[in-house]
1. Using the structure shown, decide if LEU293 is under 29 Å from ALA244 (Cα atoms), open to solvent by 50 Å² or more (accessible area, probe 1.4 Å), free of Cβ contacts under 8 Å to residues at least 24 places away in the same chain and not in a strand (DSSP E or B).
2. What is the residue count in region 174-195 for residues that are under 15 Å from GLU256 (Cβ atoms) and surrounded by fewer than 18 Cβ atoms within 10 Å (Cβ to Cβ)?
3. So ILE162 clears everything in (1) open to solvent by less than 30 Å² (accessible area, probe 1.4 Å); (2) over 24 Å from the mean Cα position of the chain (by Cα); (3) free of Cβ contacts under 8 Å to residues at least 60 places away in the same chain except one condition, right? Which one?
4. For region 281-305, give me each residue that is touching a Lys or Arg at 6+ places or on another chain (Cβ under 8 Å) and farther than 15 Å from ALA323 by Cα.
5. All but one of (1) of a type in the set (Ser, Thr, Tyr); (2) assigned to a loop (DSSP other than H, G, I, E, B); (3) loosely packed, with under 11 Cβ neighbours inside 10 Å hold for SER354; which doesn't?
6. Run ILE224 past the list (1) farther than 16 Å from LYS350 by Cα; (2) surrounded by fewer than 19 Cβ atoms within 10 Å (Cβ to Cβ) and report the number of the one that doesn't hold.
7. Name the single residue that is surrounded by the fewest Cβ atoms within 10 Å (Cβ to Cβ) among those in region 15-36 being touching a Pro at 6+ places or on another chain (Cβ under 9 Å) and not aromatic (Phe, Trp, Tyr).
8. For a quick check of your reading of the model, give me the residue pairs whose first member lies in region 104-117 and is without any contact (Cβ under 8 Å) to a residue 60 or more places away in the chain and surrounded by fewer than 17 Cβ atoms within 10 Å (Cβ to Cβ), whose second is aromatic (Phe, Trp, Tyr) and assigned to a helix (DSSP H, G or I), with beta-carbon atoms closer than 9 Å and at least 6 apart or on different chains.
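The values are calculated or read from the model by the stated rules, or taken from the named source; none is laboratory data. Just so it is clear, the model here is predicted, and its values are computed rather than measured. All Cβ positions, even for glycine, are placed from backbone atoms using ideal geometry, and neighbour counts span all protein chains on display. Each accessible area value is taken on the protein alone, full model and side chains, heavy atoms only, with ligands, DNA and RNA left out. Shrake-Rupley method; radii C 1.70, N 1.55, O 1.52, S 1.80 Å.
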Amino acid sequence: MTDKVVLAFSGGLDTSVCVKLLEEKYDVEVITACVDVGQGEEEMEKAKTMASKIGGLKHYNIDAKEEFANEYIARGIKANAEYEGYPLSTALARPLIAKKIIEVAEKEGATAIAHGCTGKGNDQFRFEAIILSMSDLGIIAPIREMNLTRTEEKEYAESKGIELSYDKIYSIDENIWGRSIEGDLLEDPANEPPEDIYEWTKSWQEANDKPEKVSIEFEEGIPIAINGEMMPLIDIIKKANEIAGNNAIGRIDTIENRLIGIKSREIYETPGAKLLIAAHKALEELVLTTDELRFAEYMSTLYADLVYRALWQEPLREDLDQAFDKMQERVSGEVVMKLYKGSIHPLIRKSPFSLHSIEQITFEDKDTDQREVEGMIKHHGLQAANYHKLNR
């Protein structure tokens, strides 16, 4: 009996050629599976149509949007998860996609899972780390194992009559939390990105001419309402993407340090993520103590690094989630943000757990005797003062 392999499928160049490569070079039956984490109904239908045209054994379209929002993005918001300055989107989605592919493989009695990752990127680590830790399935990576270039893939697709269903020259990954764009002329940092690569964000020239105020309400660190309207997190993210994108928020052009050590020019569109994380940070400033904020910043950097480096299954990530959950118990309230041509600033912050006291800070306070601080000042920096006295 011929072995079955489940291929994580998107309908793009890499995964499309993998179907035939697996059948011809690895002598297996191929089941394709596309996991919807918010790339849109049109893209899901394109994947389904492409799979049908190529002719694998069976195809699955799996809806995981709600789970992605509530179990992964929600954690990313609580942790303010940004890697080297950009909100993690692809890295957050990969563990969930891998888990869903494992479920299909186990249901179908497959012996292995295949993916279309190259040997230069991060996703090969993210998929395989989950597969290795959560199953006993084999792993096949045709593009990496055959050392194929993009040109060779296109030539192979043409030789097999595979009509690619996309017209973009870039490699694009998209989910509800962000878009990543790379490849072709973008590979050279000396090239200016063309305007047509952006789909979610307006340029600052085309953005709204007047500042826009946006209210975000949080409950235990999770957004629950936008502009006064309560809605599920996934809908808040969609609305935040629209509002922030219209105000030129969320374009990121960075030189990223990949897992294997190379530097890569990456472009991201994360309008909603930038808005929600900025609002979340603004609320945390109001309700968390100095030491909590400092430690949260350290944990956030560590958390984002673990997720980026394909260590979602690392126990420390789970430990950090528990720490964030505890800390976020008081991160409830409302923040009003001002958006204008790429800039984003908090205007109003309110919370029942606010540690800010107007009575303590006001210049009109007479009850607090200002002279009492003099003793504290004398002893502040005492050791440093003694050091300088020795060197006079």
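1. Working: under 29 Å from ALA244 (Cα atoms): yes; open to solvent by 50 Å² or more (accessible area, probe 1.4 Å): yes; free of Cβ contacts under 8 Å to residues at least 24 places away in the same chain: yes; not in a strand (DSSP E or B): yes.
It is true that LEU293 is under 29 Å from ALA244 (Cα atoms), open to solvent by 50 Å² or more (accessible area, probe 1.4 Å), free of Cβ contacts under 8 Å to residues at least 24 places away in the same chain and not in a strand (DSSP E or B).
2. Applying the first criterion (under 15 Å from GLU256 (Cβ atoms)) to region 174-195 yields 178-183, 186-189, 193.
Those left that are additionally surrounded by fewer than 18 Cβ atoms within 10 Å (Cβ to Cβ): 183, 187-189, 193.
Of the residues in region 174-195, 5 are under 15 Å from GLU256 (Cβ atoms) and surrounded by fewer than 18 Cβ atoms within 10 Å (Cβ to Cβ).
3. Single failed check for ILE162: (3).
4. Going residue by residue through region 281-305, those that are touching a Lys or Arg at 6+ places or on another chain (Cβ under 8 Å) are 282-283, 285-288, 303.
Of everything in region 281-305, those that are touching a Lys or Arg at 6+ places or on another chain (Cβ under 8 Å) and farther than 15 Å from ALA323 by Cα turn out to be ALA282, LEU283, GLU285, LEU286, VAL287.
5. Every listed condition holds for SER354 apart from (3).
6. So ILE224 meets the others, but not (1).
7. Selected residue: LYS25.
8. Every condition considered, no pair remains.
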